[in-house]
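As structure tokens, the structure follows; a few thoughts come after it.
The values are calculated or read from the model by the stated rules, or taken from the named source; none is laboratory data. Since this is a predicted model, take the numbers as computed values, not measurements. Please note: Cβ atoms are built from the backbone with ideal geometry, for glycine as well, and neighbour counts cover all protein chains shown.
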Amino acid sequence: MQYQDFQVITDFVRSLYGQSFVPLHRPVFEGNERQYLTDCIDSNFVSSVGVKVDEFEQKIAEFTGSGYAIATVNGTAALHISLLLAGVMPDDEVITQSLTFVATGNSILYAGAHPVFLDVDIDTMGLSADALEHFLNNNIEMKNGAAINKSSGRRIAACMPAHIFGMPCNIEKIVELCRHFGIQVIEDAAESLGSFVEGQHTGTFGTFGAFSFNGNKIITSGGGGMIVTNDQEMAKRAKHLTTTAKQPHPYEYVHDEVGYNYRMPNLNAALGCAQMERLSEHLQIKAEIARQYDEFFNTQKWQFVKNMPGTIVNHWLNAIIMDSKEERDAFLEFSNKAGVMTRPIWKLINTLPMFSHFQSDGLTHSRWLEDRIVNLPSSVPDGALP
């Protein structure tokens, strides 16, 4: 009976996409991508200097409603620089979640800091404001204006919640809690371009937000990321640090601090600019796919993951919650063998060897979701764009 249920799901997915093999999430290049790339090649500006980098930054700033946007080579670099600009120092601590892509944790280690893993909410899969409030009220003491973890004696400098699969977490309450304790908030918005909370774009609630334009994201620049902020001075510092901290000069090479070669190349930005021209259409089509999934799973025994009231979701990756890890594993094997790509959510990163010794709470919801979440194909179908 179980495999008959699985077959019903895979048949429905094929009916959505009209093809025998259905990828999980593929890029769509049906606009000006080829022309803009050719323009870059013809201009000879293919590296980190070029008009498309500035244009891509402007498009993201305007779309998200942020004051400034700084393009980087990938989302991990955007997170790393954001941590440094937020004042995170070696041996500080950064509160985050374990149910996330490994880049969230890696960026904290790059800064020389220690992650503290707290639980997530079942309905958003993002950092739980309730878990955060409990931790802060029971584990923090204020010393000279700094939030000190009583168990480790270290300063908690920042909090990095993630908007999983484009689903906004309870970011407003998280920011409010962190502000009370003097903790900077950096939003891992890598997956949430096009997601809003009460009309405000994700990534713009904290001091910094970081987006990703990897090949599997809702739009792609091949590889790339973006820092957004409303702080003009921080934006200038971000651009400086991501361009090897080189002081402007027509020909001299003077670097005034340790910088990073994190600037996005013009070629990637050209691809991103073309993708941004179709983003609104992508979002509309993906919302319709999600609607059809929701309608379908209303007749099935598994729960389709829906957005919370007051939020608009980009539907980057649609997800269902299965009844058990055993059922999840059986469906993953069945569907992928049938040519319908599905995947589990990530392993909790505190179970990975480089993160296993860091502090965490019980992670009850995180472990429950890890065993049950399955992502379904969520691409824009071929020919769907006019």
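With the condition being within 30 Å of ASN336 (Cα to Cα), I'd like the helices (runs of 4 or more DSSP H) fully within region 1-78 carrying at least 2 qualifying residues.
Details: elements: 2-17, 33-43, 51-64.
Helices (runs of 4 or more DSSP H) meeting the threshold: 2-17.
Kindly indicate the residue of region 56-93 that is of a type in the set (S, T, N, Q) and touching a residue at least 12 places away in the same chain (Cβ under 8 Å) and also farthest from THR207 (Cα to Cα) among those meeting that condition.
First, the residues of region 56-93 that are of a type in the set (S, T, N, Q): 58, 64, 66, 72, 74, 76, 82.
Checking which are touching a residue at least 12 places away in the same chain (Cβ under 8 Å) leaves us with 64, 66, 72, 74, 76, 82.
Values: THR64: 14, SER66: 11, THR72: 17, ASN74: 19, THR76: 17, SER82: 9 Å.
So, considering only residues that are of a type in the set (S, T, N, Q) and touching a residue at least 12 places away in the same chain (Cβ under 8 Å), the one farthest from THR207 (Cα to Cα) is ASN74.
So that you can scan it fast, the table gives a plain yes or no per residue for (1) assigned by TED's automatic domain parsing to the domain that holds SER15; (2) among the hydroxyl-bearing types (Ser, Thr, Tyr); (3) farther than 28 Å from SER20 by Cβ; (4) in contact with a helix residue (DSSP H, G or I) (Cβ under 7 Å, 6 or more places away or on another chain):
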position	(1), (2), (3), (4)
GLU326	yes, no, no, no
PHE331	yes, no, no, yes
ASN336	yes, no, no, no
GLY362	yes, no, yes, no
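Scan region 109-121 and give yes if some residue there is among the hydroxyl-bearing types (Ser, Thr, Tyr), out of contact with any His (no Cβ under 6 Å at 6 or more places or on another chain) and not in a strand (DSSP E or B), otherwise no. Lay out the reasoning, then the answer.
Taking region 109-121 first, the residues among the hydroxyl-bearing types (Ser, Thr, Tyr) are 110.
From what's left, out of contact with any His (no Cβ under 6 Å at 6 or more places or on another chain): none.
The answer is no, given that none of the residues of region 109-121 is among the hydroxyl-bearing types (Ser, Thr, Tyr), out of contact with any His (no Cβ under 6 Å at 6 or more places or on another chain) and not in a strand (DSSP E or B).
Just a yes or no: is a residue in region 254-273 more than 29 Å from GLU33 (Cβ to Cβ) and in contact with a His (Cβ under 6 Å, 6 or more places away or on another chain)?
no
Out of the residues in region 41-76 meeting the condition of being over 23 Å from PRO248 (Cα atoms) and surrounded by 17 or more Cβ atoms within 10 Å (Cβ to Cβ), tell me which one is farthest from the chain's Cα centre (by Cα).
Within region 41-76, the match that is farthest from the chain's Cα centre (by Cα) is LYS59.
Is it the case that region 96-103 has a residue that's over 15 Å from the mean Cα position of the chain (by Cα), at pLDDT 95 or above and surrounded by fewer than 24 Cβ atoms within 10 Å (Cβ to Cβ)?
Keep residues of region 96-103 that are over 15 Å from the mean Cα position of the chain (by Cα), which gives none.
No, region 96-103 contains no residue that is over 15 Å from the mean Cα position of the chain (by Cα), at pLDDT 95 or above and surrounded by fewer than 24 Cβ atoms within 10 Å (Cβ to Cβ).
Quickly run through region 211-264 and pick out the residues that are of a type in the set (Val, Ile, Thr), loosely packed, with under 13 Cβ neighbours inside 10 Å and touching a residue at least 12 places away in the same chain (Cβ under 8 Å).
Taking region 211-264 first, the residues of a type in the set (Val, Ile, Thr) are 218-220, 227-229, 242-244, 254, 258.
Then drop every residue that is not loosely packed, with under 13 Cβ neighbours inside 10 Å, which leaves 254, 258.
Matches in region 211-264: VAL258 only.
Residue under question is LYS325, and the condition is that it be in contact with a Lys or Arg (Cβ under 8 Å, 6 or more places away or on another chain) and either under 17 Å from PHE6 (Cα atoms) or touching a residue at least 60 places away in the same chain (Cβ under 8 Å) (or both); does it hold?
On the way: in contact with a Lys or Arg (Cβ under 8 Å, 6 or more places away or on another chain): yes; either under 17 Å from PHE6 (Cα atoms) or touching a residue at least 60 places away in the same chain (Cβ under 8 Å) (or both): yes.
Yes; evaluated as a whole, the condition is true for this residue.
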